[in-house]
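Derivation of every value follows stated rules applied to the coordinates shown; laboratory data play no part. Everything numeric here is computed off the predicted structure, so don't read it as measured data. When we count neighbours, we look across all protein chains shown, and the Cβ atoms used for this are built from the backbone with ideal geometry, even at glycine.
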Protein chains: 2
Amino acid sequence: MNILIDGMGGDYAPQEIVKGAISAARKIEDTITIIGAQELIGTELEKRGWDGDNIAVVNATEAVTNNEAPAMAVRKKKDATVNVGMRMIKAGDGDVFISGGSTGALLAAGLLGLGRIKGIKRPAIAAFFPQIGKNETTLLLDCGANVDCKSEYLYQFGIMGSIYVENVKGIEHPDVRLLNVGTEAEKGDDLHKEAHELLANSSINFKGNVEGREIASGVCDVVVTDGFSGNVFLKSSEGLALSIMGRLKDVLLGGTISRIAALMLSKQLKEMKKEFDYSEEGGAPILGLKGPVLKIHGSSKAYAVYNAILKARDYVASDVTGQIEKALADNDELSEYKTEVTDGNAEA
Amino acid sequence: MNILIDGMGGDYAPQEIVKGAISAARKIEDTITIIGAQELIGTELEKRGWDGDNIAVVNATEAVTNNEAPAMAVRKKKDATVNVGMRMIKAGDGDVFISGGSTGALLAAGLLGLGRIKGIKRPAIAAFFPQIGKNETTLLLDCGANVDCKSEYLYQFGIMGSIYVENVKGIEHPDVRLLNVGTEAEKGDDLHKEAHELLANSSINFKGNVEGREIASGVCDVVVTDGFSGNVFLKSSEGLALSIMGRLKDVLLGGTISRIAALMLSKQLKEMKKEFDYSEEGGAPILGLKGPVLKIHGSSKAYAVYNAILKARDYVASDVTGQIEKALADNDELSEYKTEVTDGNAEA
């Protein structure tokens, strides 16, 4: 397997990307290809004493930054890392592409370079969210690829999410819910009322609406959301968890007695902290693209990169893209969506 | 002062409402008027040995439940607690009305019975959110009164929130931000891009977008949001904080050593838990109505009711309704909104 990773994407690129890639390359036999400024990455590899043979470097002379309008930058910078990655996937020269760069650029490059699975209106970013205290996760999609949604997109997110969880986790007929302001079917704005109806009439195991309050305790396998609310949910949860754990740390280091108590609890607290740590989770796939693409957090350090590379192998093995394609081909309820194909937008 | 409270609203009504009202009545000299089924409330008061003279009961023969379409139920049930409360406020027979019942019903009754402040397009629910570790709070509005928003509503939420924080907290020119999927001005859907522009050109101290990630750590005084995202943000934060604190409790009670450590930390952990506890915060005002109305959590128990009653006095004293009216009268930038007055919707 050849795992491609964007060497220039993220707050700590290329240093932490290279560091994470080396750790992964020492653990697995698959090839890891770092895409980016060849000389810079070569120097980083050398500096860290890399002498193995399963890391390759592919040169890309440009990179898209977070400050550029994604769609335009992707069209202009033909040799940007994200474009090189997508071209390699399309040509069969790589099995999966991982990037911690601008989400909008990754999405735009994916739409331009790979395109959507036939019948899929909009790709969606799908991330696992921890079920606190249950050692389980809930899939949330869309996490921000589509800030302007239509009800039929949400309906398709439900189907893609269901297929993903079924294939990656082996859960048959996973429970799917719609993130809304209340549990009753008639709650929410028109978008969510319509999406509720479409999902309720679909073949997936749709269990109705879910309020934000219940997600952390884990009430279902998949949560469908529009990209705006999903992004707000994910980022605010992440911020709050970090703040609470930070506050706990302050409490524990606040006095001699607390310090002793903290020592006594250190193992358990470390385990607890791990539950909220995105660097454990691996990358979030962009479902609906014609090829496996994983987004990692922009602030990913080496350990998150390492985990993402390792977990990317399972994602490739589960062939989610193929399964979604197959489901669309098999499924009559989706056929009405197969003819009309419009251009995707990449905004978040 | 006469503080009106809905005796039938909330999951634990009337028992916990009466219990909280008694605690408050023993603490303050103001009159507390419980609105609801007179006999039932009388029995509850008797059962708890109430023999003071600053609790009154006003009979209301009906109540709106969470399962009814709010606007219709409020129109049909003329003698519902929420309608009686609004009529009393309008007639000057009460200074503030508190309810833990259906948000939609409270809003519909407010629009019908009190109406909006001239020039305000939509009332908004404004709740304080803790700044973790800072002993401060951020005002978030709208928390769910308007699931379908227009940019001009968001603009007005910013102005009302600014006035509220200035008057209740005494912060001059409070920092206002817009909840969005990114910090750059061009982020988000059309609604949020337009709202950003309106807010940026207003007279309030607008500091741009804020991502969900940053709110818990406290970066501004006021966060403006559409009612859908605001509701998702608030409920998911509440659910996550509860789950994390629950998980921490499990860790602390998980073994003999942890139990000892927990004992050593009990004071600090209690303080920390208090930070995330909505029952400390008091009610959330519905800003924009022509009178002081506070929403409390549906799951409020006696302590939350007690706190809401005590804090309601400060809300009345700060005369936020009057200040918003005054600001609208003084402010030319708002004058374009003064002519067109449409009907409000009450959905969440």
* Structure fact -> From DSSP H assignment alone, runs of 4+ in chain A each adding -39500 (n - 2.57), the sum over residues rounded to the nearest 500 puts [θ] at 222 nm at -14500 deg cm²/dmol
* To do: Specify whether the C-alpha gyration tensor of chain A places it in the rounded, prolate or oblate class, a ≥ b ≥ c being the square roots of the eigenvalues: rounded for a/c under 1.5, otherwise prolate if a/b is larger than b/c and oblate if not.
  => oblate
* Structure fact -> Partner shielding of A:260-271, as the mean number of partner chain Cβ atoms within 10 Å, equals 5
* Asked: Given segment A:84-190, what count of lysine pairs have C-alpha atoms under 30 Å apart, with each pair 8 or more places apart or on different chains?
  -> 13
* Asked: How crowded by other chains is A:202-215, given as the mean number of beta carbons from other chains within 10 Å of each beta carbon?
  -> 3
* Sites A:Thr183 and B:Gln15, calculated FRET efficiency, Cβ-Cβ separation with R0 25 Å, nearest 0.05 -> 0.55
* To do: Provide an ascending nm list, one decimal, of label-point separations from B:Ala69 to the equivalent residue in each further copy; define each label point as 7 Å from Cα along Cα→Cβ.
  => 4.4
* Structure fact -> Filtered hits (lysines, Cα-Cα < 19 Å from B:Lys27, offset >= 8 within chain) -> B:Lys19, B:Lys301, B:Lys311
* Asked: Where a Cα-Cα gap under 18 Å defines reach, which aspartates and glutamates qualify for B:Lys267, not counting those fewer than 8 residues away within the same chain?
  -> A:Asp250, B:Asp250, B:Glu275, B:Asp277, B:Glu280
* Distance between segment A:217-292 and segment B:97-154 - C-alpha centres, whole angstrom -> 29
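Which whole-number percentage describes the relative contact order of segment A:153-206, with Cα contacts under 8 Å and a sequence gap of 6 or more?
For segment A:153-206, the relative contact order is 38 percent.
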* Structure fact -> Scoring segment A:2-156 by relative contact order with C-alpha pairs under 8 Å, at least six apart, yields a percentage of 21
* Would you mind getting the Kirkwood hydrodynamic radius of the protein assembly as shown from its Cα pairs, rounded to one decimal in Å? => 26.8
* Take the alpha carbon atoms of segment A:122-279, find their radius of gyration, then divide it by 2.2 N^0.38 Å using N residues; give the quotient. => 1.19
